[in-house]
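Enquirer: Below is one structure. I have some questions about it.
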Amino acid sequence: MKRHQSLQPISRQHHGGLLTARLLQHGAPPYKGMPTTHAAKREYVLQFYKEHLQPHFALEEATVFALAGAFSANLKQQAEQLQAEHRQLEELIKALPQTTDTALPDKLHEVGQLLERHIRQEERVFFEQLQQELPADKLRLLEEQVLQHSA
């Protein structure tokens, strides 16, 4: 899927999210340099959330979701659903430190599945529709906003 340049920085960040999502799911193969135990995966996703997901969610919400919501009712509805999934992911991840060892594999799997579904929805549906519906001047504005928030 070819991304408009205004969405490329955000889209590139999704690669790490998809790798993390897959790592957390049941039956994930071992990835070179990545944790293999459930406890180590918990620590990894907590660090990934702090360093990558929190800033990524803030960037999307301040730029893409805000602009989309002001432009189209359908895009606004999608943005609201995606933002709700951000909150759900945050809650699931923040609950991991209190998760018992026996429940941990299933909770990691739940986070991984939701994160993967979320990213795929953004990439395959929301971003596609966004770049088709927004006029060129709005895409340029989005590009400026993304660059400002990424700096």
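The values are calculated or read from the model by the stated rules, or taken from the named source; none is laboratory data. Keep in mind the model is a prediction, meaning the values are calculated, not measured. For neighbour counting, all protein chains shown are included, and Cβ atoms are generated from backbone atoms with ideal geometry for every residue, glycine included.
Enquirer: When the residues of segment 100-151 are filtered to those that are without any contact (Cβ under 8 Å) to a residue 12 or more places away in the chain and of a type in the set (A, V, I, L, M), which remaining residue is farthest from Leu82 (Cα to Cα)?
Expert: Ranking the candidates gives Ala103 first.
Enquirer: Looking only at segment 31-53, which residues are farther than 15 Å from Ala95 by Cα and either out of contact with any Gly (no Cβ under 9 Å at 6 or more places or on another chain) or of a type in the set (Lys, Arg) (or both)?
Expert: Across segment 31-53, the qualifying residues are Tyr31, Lys32, Gly33, Met34, Pro35, Thr36, Thr37, Ala40, Glu51.
Enquirer: Can you tell me how many residues within segment 5-24 are crowded, with 18+ Cβ neighbours inside 10 Å and part of a loop (DSSP other than H, G, I, E, B)?
Expert: Qualifying residue count for the region: 2.
Enquirer: Among the numbered criteria (1) surrounded by 18 or more Cβ atoms within 10 Å (Cβ to Cβ); (2) within 16 Å of the chain's Cα centre (by Cα), which one does Gln83 miss?
Expert: (1)
Enquirer: Any residue in segment 24-41 that is more than 26 Å from Gln98 (Cβ to Cβ) sitting within a Cβ distance under 7 Å of a residue that is surrounded by 10 or more Cβ atoms within 10 Å (Cβ to Cβ) and among the β-branched types (Val, Ile, Thr)? List the pairs, counting only those 6 or more apart or interchain.
Expert: Partner pairs satisfying both residue conditions: Pro30/Thr36.
Enquirer: Only one of Ile93, Ile119 is touching a Gly at 6+ places or on another chain (Cβ under 8 Å), at pLDDT 95 or above and part of a helix (DSSP H, G or I); which?
Expert: Just a single option satisfies the conditions, and that option is Ile119.
Enquirer: If you don't mind, another one. Checking the conditions here, which among Tyr49, Tyr31 is among the hydroxyl-bearing types (Ser, Thr, Tyr) and at pLDDT 95 or above?
Expert: Just one listed residue meets the conditions, Tyr49.
Enquirer: For segment 72-79, state whether one or more residues are more than 20 Å from Ser11 (Cα to Cα), in contact with an Asp or Glu (Cβ under 9 Å, 6 or more places away or on another chain) and either among the hydroxyl-bearing types (Ser, Thr, Tyr) or modelled with pLDDT of 95 or more (or both).
Expert: Yes, the conditions are met somewhere in segment 72-79.
Enquirer: Say we look at segment 25-59 and pick out the residues that are within 27 Å of Glu128 (Cβ to Cβ) and of a type in the set (A, V, I, L, M); which of these is surrounded by the fewest Cβ atoms within 10 Å (Cβ to Cβ)?
Expert: Result: Ala58.
Enquirer: Condition (residue is without any contact (Cβ under 8 Å) to a residue 12 or more places away in the chain, surrounded by fewer than 17 Cβ atoms within 10 Å (Cβ to Cβ), assigned to a loop (DSSP other than H, G, I, E, B) and of a type in the set (Gly, Ala, Ser)) applied to segment 60-74: is it met by at least one residue?
Expert: no
Enquirer: Which of the following residues is surrounded by fewer than 16 Cβ atoms within 10 Å (Cβ to Cβ), part of a helix (DSSP H, G or I) and on the phi < 0 side of the Ramachandran plot: Gln131, Gln145, Gln77?
Expert: Testing whether each residue is surrounded by fewer than 16 Cβ atoms within 10 Å (Cβ to Cβ), part of a helix (DSSP H, G or I) and on the phi < 0 side of the Ramachandran plot leaves just Gln77.
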